[in-house]
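Right, one structure below, let's go through it.
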Amino acid sequence: MQAEPVQPPIRASAVIRNIKQLVTVAQQPIEGASGALQVLNNAALAVYHGRIVWIGPDNEAEPLFLSTRQDGITIVDAQGAVVTPGFVDSHTHLVFAGQRAEEFHLRRAGVSYAELLAQGKGILTTVEATRKADAETLLALAQRRLHLMRDHGTTTVEIKSGYGLDRINEEACLHIINNLKALEERTSSSVPQQVRVVPTFLAAHVLPPEYRERRADYLDLVVEELLPSFVGLAHFCDVFCEAEAFTVEECRRILRRARDLGYRLKIHADQLSPSGGARLAAELGATSADHLDHASDEDLKALRDAGVVATLLPGCSYTLRSPYPSARRLLDLGLTVALATDCNPGTSYCENMQMMIGLAMAEMDMSLEEALTAATINGAKALALEEEIGSIEIGKRCELALWQLEDYREIGYHFGVNLVQSTLTLL
Ligand SMILES: N=CN[C@@H](CCC(=O)O)C(=O)O
Ligand SMILES: [Zn+2]
């Protein structure tokens, strides 16, 4: 009689071995892991059809997966890397042409961002350059930025339109974002470093110049025509709620319509002044409210009570030389805080989430553990993707950053260089 073949208890398509430190950022305790980030030393993990099915000590991976015959199993040697979830950059404006270095230097000479906006510069300078560029150029520029992000550890990026501001150009920008998404999904599996792309429609970024004398017509265009015809091209609808951009009432009208059409909501809130954006985000049940430099304690409590993620964008304070919002204040009030780059040509030209973590630790009173949480699982919450990504846990997608470090606590301490060696996305 022939002996029954020993069946492996867990089926795997890939096993990642030889991980010096696995920083899981798990929301549920993991056996053998410790600390706020649930860190496991000398670890391995197994993946089946892109989902994590096992996490444990490296020496247990051998008997579980490697000595039992499983056809087609891929072994990835992490070569002693520190491994974290890939960054989730939940707020970016990657699709644009041109640059605004001149304004950057003008601001250093004392001209404010709001003054530039009021003079028809700022965002409108980029709208002009973006409208002039062809789709191929815009795609190539955005793809280059996306790959820079990936090289610095980001595996999910939200990308907003908002530099087109008319039917043709907004639609073109949304198509470019969706083309980037498709290109990433199709990337060859021999280089498994895809970036997940989440598209956002931001027609209410600033009033386009041709509508200066007919503001109501632009709002009608957005609400009655663009929002309904772009369903399916964007997951989120965002607005810039600010004196120089759109009022609370205008934003409410746009976002209500968007919500009725099935978009999730985001708001650029209280960035340059107390604009009422945070309150509106709470009222409408937005997924996130972003910036929040001028939000009051009452505004923040309203966000917390409504379960809205507070996304802080330290690159803006760095670029605009404005005071950094205190993340400590938000954390002490009990908010869920995310960090993002806000990569854009005006207020934060930076693709690197490691830089945001460094700034948040140096200037916003965040611990490394809080900043890493904000850049991964809380970024996922800001995109309503926390069931899928943002931490290394059973059932989640395998989207990782591999770091050339002895210890994850070198993040933020060793600064100014890229510490990420690669990202890894197993499908
Ligand atoms: N504040 C509005 N939008 C961007 C800036 C865009 C720009 O200046 O081009 C932001 O998030 O900071
Ligand atoms: Zn923004």
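Some values worked out for this structure:
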| read-out | value |
| --- | --- |
| Per-residue HN-Hα couplings for region 24-39 [Karplus 6.51, -1.76, 1.60; θ = phi - 60°; Hz; x = Gly/Pro] | 7, 6, 5, 8, 10, x, 10, 4, x, 8, 9, x, 4, 9, 6, 9 |
| Ranking of K266, K121, K160 by count of other Cβ atoms within 10 Å, fewest first | K121, K160, K266 |
| Within a Gaussian network of the chain (alpha carbon springs, distance under 10 Å), most fluctuating of N42, N59, N344 | N59 |
| Label-zone membership for region 252-275, site E298, 7 angstrom Cα→C-beta point, backbone N under 11 Å | none |
| L333-E128 pseudo-label distance in nm [points 7 Å out on the Cα-to-Cβ vector] | 3.8 nm |
| Hz values of 3J(HN,Hα) by residue in region 283-299 - Karplus curve (6.51, -1.76, 1.60), Gly and Pro given as x | 4, 8, x, 5, 6, 9, 10, 10, 5, 6, 4, 10, 6, 7, 4, 5, 4 |
| Loop-located trypsin sites (Lys or Arg not before Pro) in region 292-331, at most 15 other Cβ atoms within 10 Å (DSSP) | R321 |
| The chain: calculated mean residue ellipticity at 222 nm from DSSP helix runs of at least 4, using -39500 (n - 2.57) | -9500 deg cm²/dmol |
| Reachable lysines, given that their alpha-carbon falls under 28 Å from the alpha-carbon of K381 and they are not under 8 places away in the same chain | K20, K160, K181, K266, K301, K396 |
| By average C-beta atoms within 10 angstrom, highest first, the peptides 394-401, 19-26 | 19-26, 394-401 |
| Burial ranking of peptide ranges 309-315, 345-351 (average Cβ count within 10 Å, highest at the top) | 309-315, 345-351 |
| Cα gyration tensor shape for region 87-382, rounded if a/c is under 1.5, else prolate or oblate | rounded |
| Rough spin-label spacing in nm, given labels placed 7 Å along Cα→Cβ, for S326 and A243 | 2.4 nm |
| Shape of region 363-427, Cα gyration tensor, a/c cut at 1.5 | oblate |
| For the chain: relative contact order, % (alpha-carbon pairs under 8 angstrom, 6 or more apart) | 19 percent |
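No value in this document is a laboratory result; all are computed from the given coordinates. Note that the structure is predicted; figures quoted are calculated from it, not measured. All Cβ positions, glycine included, derive from the backbone under ideal geometry; neighbour counts span all protein chains shown.
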